[in-house]
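Accompanying notes for the structure given below.
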Amino acid sequence: MECEIIEKLNNATNNIYGFSLKSAILDKVADFCVFEIYYKDGIILTPEKKSEIKSIMTNIIPQIFSFEVKFVKNYLSEERAVEELETFIKNNFPSVAFSIKSVKFEDGKFIFNIIIDELAIEHAKSKNLCVLAEKYFKENFDGYEFLFETEEGKVFSEDEKNSVKENYKEEDVDIFAKRKIEVTDKEVYIGEEISEPASYIKDKQSLKMAETVVFCGTLKHFRANVIKPKKKDKEETSSDIKDNSKPQNKEDTANINVEAEQENFYQKKYYKWTLSDFTGEIPCQYFSVKATQAKMDTINENSSVIVSGKLELNKYSEELNLIVHDLSFCKLPEKFEEYIEYRKEKPFYEFVKPEKMVTYKQSDLLAFMQEEEVCPYLQNKTFVCYDLETTGLHFEGGDRIIEIGAVKIEDGKITEKFESLVNPERNISEGASKVNHIYDSDVKDAPTASQALQDFYKFTRGAILIGYNSINFDNVFLIGQGKLERWNFDNACEDIYPLAQKYVFGVKNYKLITIAEKLGVKLDNAHRAFYDTLATAEVFIKLAANIKS
């Protein structure tokens with residue numbers, strides 16, 4: 001009824017004042033109602049005009065109670081609200097393409113409907129655009145309520161979207177210039193002084209084209225090897241002595257014999273060792289000359305050294321070796337923290353695009369028609385429940401991700417799914433394939449870890465990561481391989497396994513399949529990432545009802 005009164009009042013006054021209702025409080029005992037009515041800023045309501053408006057309302061309002069009207073100047077018109085919101089989004093979310101579908105003011109509340117391009121919708125959600133917009137308006141326009149609703153839309157044409165992708169450029173950062181190790185107390189031993197700081201050994205693949213590289217670390221597995229001259233070389237040496245020496249007397253002959261004996265006594269050597277720093281290891285070789293051989297023979301195992309030289313590919317092992325030119329003893333830093341220049345979230349999905357998630361459950365008609373109540377712990381929170389399949393069990397041993405399955409839970413509802421096989425760029429072990437039924441042929445055309453993790457990073461922004469028994473496995477692989485690809489998965493994490501132990505009783509074990517069955521959750525295709533994830537998410541939603549937020 002109150003809205004009808006305001007509508008009639010605006011019609012009677014040709015909408016000059018832009019009236020809207022702030023509140024209407026009715027005292028049923030006294031049959032008395034107090035109306036608070038907003039009117040446009042910039043309009044002066046004289047006592048005469050107020051009296052005129054009250055008279056109009058007397059003719060509109062049913063004559064069953066008396067009333068009083070309080071006029072409140074509306075400092076925020078709908079037009080200005082649109083301008084303020086546009087300015088706020090452009091200043092705080094410059095990469096978000098949007099349009100404002102509608103804004104209306106009713107019952108003392110501004111309601112905004114914002115269309116956000118599909119390329120940017122997840123970014124806007126993860127950065128809490130609506131929450132921050134509400135905070136901004138409340139701070140600047142006291143006395144109103146605000147509601148912001150967003151939906152995905154095609155703000156850009158397909159050509160424009162492609163243009164966004166084509167024109168997007170990642171910031172060009174020379175991370176290797178910052179990934180250095182400073183050593184102290186350098187003491188030149190072989191060759192020349194090394195003035196440059198050492199690079200990380202783990203970066204050797206990126207440095208292989210450099211003219212000279214510098215590494216430091218501990219010298220291990222040191223050994224000397226004699227270079228045996230080829231038979232042809234020996235014959236040529238003998239021929240040279242015979243033909244070119246041509247001694248003229250006995251004294252010259254004696255001198256030549258002594259020199260030949262000394263030459264035979266000297267055996268040219270090369271030295272091999274493994275250099276190990278805080279980040280990795282590399283095989284090293286040094287080819288000695290007469291002046292350095294005695295020194296090299298006295299080097300101790302586990303010495304701390306800094307070396308410079310040229311990287312070469314060993315044709316037998318197909319791994320990079322360092323051919324050392326200069327070597328100095330040194331003192332390595334006591335504390336070391338790896339420097340990683342993490343990459344920034346892209347404003348679009350490039351290789352793996354999430355899909356809207358719609359789940360259907362058998363239920364009776366009443367339950368179907370009623371909105372399920374969301375437990376307090378899940379309200380106003382976003383979770384990403386995920387599961388990984390890998391080439392094996394040991395990340396540090398070289399095993400890598402081969403499948404990512406994830407769902408997003410927003411306000412207690414599963415809203416999106418993220419699913420992709422991953423090419424590990426190495427063979428999948430037979431043992432892993434027997435468990436997850438993923439083979440090399442399945443992943444050969446899949447996105448690489450760098451590509452898949454780029455989009456998964458975007459999918460997880462602003463969310464709490466959850467999984468089943470994930471802290472010591474899935475998180476290790478995700479964070480570890482994320483670092484390798486320079487994606488910082490720094491999300492808060494929760495493990496559902498301890499929740500199951502705390503709140504589920506009367507089971508023989510706490511495997512996911514057992515807990516799912518106990519809670520009435522169906523688990524299809526166990527040991528495939530997405531199906532494990534979906535079951536885990538539903539288990540989590542059920543267990544969350546026990547958590548006191």
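Below are the figures for this structure:
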| read-out | value |
| --- | --- |
| Helix 529-544 vs. the chain, principal-axis angle (Cα, 0 to 90°, nearest 10) | 50 |
| Options Ala500, Asn488, Asn423, ranked by Cα towards positive dipole end of the range 401-549, top entry (Cβ charges) | Ala500 |
| Cα-based helix-to-principal-axis angle, 231-245 vs the chain, degrees rounded to 10 | 50 |
| Solvent-accessible surface (1.4 angstrom probe) belonging to Thr274, in square angstrom, nearest 10 | 30 |
| Residue among Ile547, Ile61, Ala133 farthest towards the positive dipole end of the chain, charges placed on Cβ | Ile547 |
| Rounded to 10°, Cα long-axis angle of helix 78-92 versus longest principal axis of the chain | 10 |
| Accessible-area ranking of Ser441, Ser276, largest first, probe 1.4 Å | Ser441, Ser276 |
| Positive dipole terminus of the chain, leading residue within Val183, Phe222, Val96 (C-beta point charges) | Phe222 |
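The values are calculated or read from the model by the stated rules, or taken from the named source; none is laboratory data. The model shown is predicted, which means the values in this text are computed figures rather than measured ones. A quick note on method: Cβ atoms are made from the backbone with ideal geometry, for glycine too, and the neighbour counts reach across all protein chains shown. In case anyone asks, the SASA skips ligands and DNA or RNA and just uses the protein heavy atoms, side chains included. Shrake-Rupley method; radii C 1.70, N 1.55, O 1.52, S 1.80 Å.
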